[in-house]
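S.K.: The following block contains the structure, expressed as structure tokens.
The values are calculated or read from the model by the stated rules, or taken from the named source; none is laboratory data. Bear in mind the structure is a predicted one, so any value in this text is a computation, not a measurement. Cβ placement follows ideal geometry from the backbone for every residue including glycine, while neighbour counts extend to all protein chains displayed. Heavy atoms of the whole protein, side chains included, go into the accessibility calculation; ligands, DNA and RNA do not. Shrake-Rupley method; radii C 1.70, N 1.55, O 1.52, S 1.80 Å.
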Amino acid sequence: MPQKFDVIIVGSGACGGWAAMALTQSGFKVALLEAGSHIEPYRDFHHQWPYQLPFRGSGQPGFLRRYCRGATEYNYRLMIDDVENPYTTPHDKPFSWSRSRVLGGRTLHWSRACDRLSDLEFKAASRDGYGDNWPISYTDIAPYYDRVERFIGVSAARANFLQFPDGVFLPPMPLNCAETMFASAAGRLGLPATPRRVAQLTHMWNNRPPCHYCGNCVNGCDVGAMFSTVSTTLPPALKTGNVTLLCDSIVSHVLVNRENRACGVRYIERYTNRTIELAANVVVLAGSSLENTRLLLNSAKGGLANSSGILGHYLMDQIGGAAVSGFLPVLKGAAIRNDDGKSSGLYFPNFTNIAPQTGSRGFIRGYAMSATGGAAQFPAFAPDLPGFGSSYKKQVKTLYPAFARVWLSGGEMLSRKENFVALDPEVRDKWGIPVLKITCSHCDNDRKLYADFFTRAQELFRAAGGEIVDAKPYLSPPGSLIHEVGTCRMGEDPKTSVLNSFCQTHDVPNLFVFGGGCFVTTGDKHPTLTMMALSARGCDRLTDLAKKGEFA
Amino acid sequence: MTRRDASWAILRAASAAGGQAFFSRWLQAAQAAAAAMHTHSEGSPPPPDPHDWAAYKPQFFSAADFHTLDLFTSTLIPTDDTPGAREACVSQFIDFVVNAAAEYAPAVQEEWRRAMDYLRGQDFASMTEEQRVSFLERISAPERHPSQHDPGFTHYRLIKQMTVHAFYTSRVGLVDVLEYKGFAYLTAFPGCDHPEHHQV
């Protein structure tokens, strides 16, 4: 008789890691399944200078093409192999899907931004009449934001912005010269600005060391100063002795019994191709927004927990695109400083459509910008700088500390039913599991929002005294921000939503879905902190119901 | 010595013989580690380049083409009051990368063959230094005047992009020439301390 677990968690990213910690600490016996390989930060992450790598970061020519966007010679082992794990799109609707299959998932190389949504997002439909409200408001989630921030450690400055609620913060990281100049310019333009709120420690916290300002975050933090599952939530989970960690285990189905209750999962061992079934009283999906939905679609004809027919619909990413870049003349020829060591930047939370009268700029909802500058490791402007010879070399050196950019760190992409995912009837992955066909495009509001960013970013750049070099507007295809959410939305009404406000499926009460899938709107904030807070709230609900004997 | 190396030194010492010998070794390692940590608080020095590029034998380019490439890249980034493409062994690195393109990106090799054919046809290797500079000025003109055309421009861009990448990712280009200060172990981030930057 195989072992039966209290809870199976599928996926070990931000939400799966949190769930593993919270549920094992509540005394549940948990199986944590991860499709990718095991990783040890101290063993597997290194500071590598470009000249220490054979191909200086770019990889053997052509080699990285099989990996998802964002893969480099430094980090490709953390990124998914798109040849083994394909997805499809209509020819005229590209979608860029960056995934990780590895213990810790995308927490190993995420941008670490920790933003709280406000009621401007949760109740946006009440303000401008578009789409639906979330079934929760800020007061429902605020205690869980507190709990997550207090545990993972977020360095930030209190700012008292209506649209960007403050939280439980460690001291902020100081601004570099370029960021200081942008903050000064923002003050004169009346734009809100604050150091980017990041899950990077500024002092010792929960037995984790502070950031040592190497700037290597996206290739994996070797000391665990940035939040990731492997540095932060997995160690306390393992300490309980209640977790069985199964890596290289690719879940293909959620198993359901005759009473329409989840009773376990079926998974494939990555290297042996063996199919194994595992039993549990509760199943928690935490394998990323779209992988969760794919798993539900593959688990039953028409999709598991899909009596609403909504599963797969209302896919969103955030709006992103070309940045405005150039030089800050004050910094030309300045002594070289360590400018990229903290790799966070200055953040401009949304400033549009905050007043009660919305839509006055020709679009609804909002966007957030970021800015940074200074001597980054590679002089990104140099390949396109005209010229050669000694004069060129001197010019590169003069401009090196003065390079700066303002980018769109996230604009709200409207939630629309016609943006959706479904199983591709023909294409399967290396393990025979049907892949997703993703159909997603921008609407007019999305394009207007990007255009507004581009104008405002140029104003900001000039206000900081900057000379703009590269300013061609370009709206990136959906998925590019790697903030894909929706397709499994939450709501009060089981006819129009898949999940209730605790991320529990309406149809199958012992099935929870954690991650961005539940998002009703995407807002302009980075989604991870909200996903984790909702997971923490869902774990509380799961624990309460289990104590009442609901899942026996 | 990186912080990791220092902790490995401690671990190695700890796993060595016991008693007096163990403690004396451990203390030495701990002192070395403490010294290394102190250095880190000042910003750890960049490690040496592990590759012996000066001893590298070209694999893709013929000896004559490699000589041509060396003349071209050192005209692009010459040795002046700071080191240039030659000290950074840019041509050796380019040969290594283009040779390795055979497996997944053979089209890259074709581009370089065409570029070298073109330079051979122009007898680039026989030009004097002044002639090389004026030749590069001619074929690079579309960089400054996008409406202009030159048959050598594609080849110029191919070699320039690769040269710029190779030079500024080398230890010579990044550390000696650009004086990059990041990627260090620090105890505090050195924020802006210029009052004038607060009033731009």
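S.K.: At R0 = 51 Å, how high is the FRET efficiency between A:Q357 and A:L385 if r is their beta carbon distance? Nearest 0.05 is fine.
M.R.: 0.65
S.K.: Another question, then. Between B:H194 and B:D150, 0.36 nm times their residue separation minus their Cα-Cα distance comes to what?
M.R.: Full extension from B:H194 to B:D150 adds 11.2 nm.
S.K.: In percent, what relative contact order does chain A have, based on Cα pairs under 8 Å that are 6 or more apart in sequence?
M.R.: Relative contact order comes out at 22 percent.
S.K.: Okay, moving on. How do A:R208, A:R261, A:R456 rank by accessible surface area computed with a 1.4 Å probe, from largest to smallest?
M.R.: Greatest to least solvent exposure: A:R261, A:R456, A:R208.
S.K.: Right, something else. How much length is gained if the chain between A:S441 and A:E277 is pulled fully straight, taking 0.36 nm per residue apart and subtracting their Cα-Cα distance, in nm to one decimal?
M.R.: Roughly 55.3 nm would be gained on extension.
S.K.: With all protein chains present, calculate the accessible area of B:S62 using a 1.4 Å probe and round the result to the nearest 10 Å².
M.R.: It works out to around 60 Å².
S.K.: Right, another one. Could you work out what % of the accessible surface of segment B:53-177 is carbon and sulfur, using a 1.4 angstrom probe and leaving DNA, RNA and ligands out of the count?
M.R.: Heavy-atom surface of segment B:53-177 belonging to carbon and sulfur, 1.4 Å probe: 53 percent.
S.K.: Considering amide H positions built from the backbone, and no H for Pro or chain starts, which residues 5 or more places from A:N176, or on another chain, come under 5 Å of its amide H?
M.R.: Those qualifying (amide H under 5 Å, at least 5 residues apart or on another chain) are B:C192.
S.K.: Let me ask something additional. Give the calculated FRET efficiency between A:K4 and A:E40 to the nearest 0.05, with a Förster radius of 30 Å applied to their Cβ-Cβ distance.
M.R.: 0.50
S.K.: If one takes the longest principal axis of the Cα atoms in chain A, at what angle in degrees, from 0 to 90 and to the nearest 10, does the Cα axis of helix A:289-299 lie?
M.R.: 30 degrees
S.K.: At a probe radius of 1.4 Å, what is the per-residue accessible area of A:D544, in Å² to the nearest 10?
M.R.: We get 80 Å² for A:D544.
S.K.: Convex hull over the alpha-carbon atoms of segment A:1-62: what's its volume per residue in Å³?
M.R.: In segment A:1-62, the Cα convex hull volume per residue is 160 Å³.
S.K.: Further, regarding this structure: Each label point is 7 Å from the Cα along the Cα-to-Cβ direction; what then is the distance between the points at A:Q60 and B:Y56, in nm?
M.R.: 1.6 nm
S.K.: Indicate the gyration tensor shape class of segment A:1-108 (rounded, prolate or oblate), computed on the Cα atoms with a ≥ b ≥ c the square roots of the eigenvalues: a/c under 1.5 is rounded; otherwise a/b larger than b/c is prolate and the rest oblate.
M.R.: oblate
S.K.: Right, here's the next one. So what's the Cα pair-distance distribution over segment A:98-203, bin width 5 Å, in %?
M.R.: 2, 11, 15, 17, 18, 17, 13, 5, 1, 0
S.K.: Simple spin-label model, 7 Å along Cα-to-Cβ: A:A125 to A:A335 in nm?
M.R.: 5.8 nm
S.K.: Also, I was wondering about something else. Going by accessible area, probe 1.4 Å, with all protein chains left in place, what is the ranking of A:D446, A:D340, largest first?
M.R.: Descending order: A:D340, A:D446.
S.K.: Can you check what the Kirkwood hydrodynamic radius comes to for the protein assembly as shown, Cα pairs only, in Å to one decimal?
M.R.: Evaluated on the protein assembly as shown, it is 27.8 Å.
S.K.: Right, here's the next one. So what's the net charge close to A:T358: Lys and Arg +1, Asp and Glu -1, counting the other residues with Cβ under 11 Å from its Cβ?
M.R.: Overall, the nearby charge balance is +2.
S.K.: Okay, next question. Give me P(r) over segment B:53-177, computed from all C-alpha to C-alpha distances, binned every 10 Å, as integer percentages.
M.R.: Answer for segment B:53-177: a P(r) of 13, 44, 36, 7, 0 percent.
S.K.: Moving on to the next point. Keeping all protein chains in the complex and leaving out DNA, RNA and ligands, what accessible area do you get for B:H194 with a 1.4 Å probe, in Å² to the nearest 10?
M.R.: Here the residue's solvent-accessible area equals roughly 50 Å².
S.K.: Give me the percent relative contact order of segment B:53-177, please, defined on Cα pairs under 8 angstrom at least 6 residues apart.
M.R.: Relative contact order here is 30 percent.
S.K.: Still on this structure, please answer the following. With +1 on each Lys and Arg Cβ and -1 on each Asp and Glu Cβ, and nothing else charged, work out how big the dipole of the protein assembly as shown is about its Cα centre, in Debye to the nearest 20.
M.R.: My answer is approximately 1320 debye.
S.K.: Heavy atoms only, probe 1.4 angstrom, no DNA, RNA or ligands counted: give me B:V172, A:V265 ranked by accessible area, highest first.
M.R.: Output order, biggest surface exposure first: B:V172, A:V265.
S.K.: Here's another thing I want to ask about it. For an R0 of 35 angstrom, estimate the FRET efficiency from the Cβ-Cβ distance between A:E418 and A:D140 and round to the nearest 0.05.
M.R.: Efficiency computed from Cβ-Cβ geometry: 0.75.
S.K.: For chain A, with every protein chain kept in place, what is the accessible area per residue (1.4 Å probe, Å²)?
M.R.: Heavy-atom SASA per residue in chain A reads 35 Å².
S.K.: Once both labels are modelled 7 Å past Cα along the beta-carbon direction, what's the A:V427-A:R158 spacing in nm?
M.R.: Inter-label distance under the simple model: 5.0 nm.
S.K.: I'd like the orientation of helix A:444-463 relative to chain A: the angle between its Cα long axis and the longest Cα principal axis, in ° from 0 to 90, rounded to 10.
M.R.: It is inclined by approximately 40 degrees.
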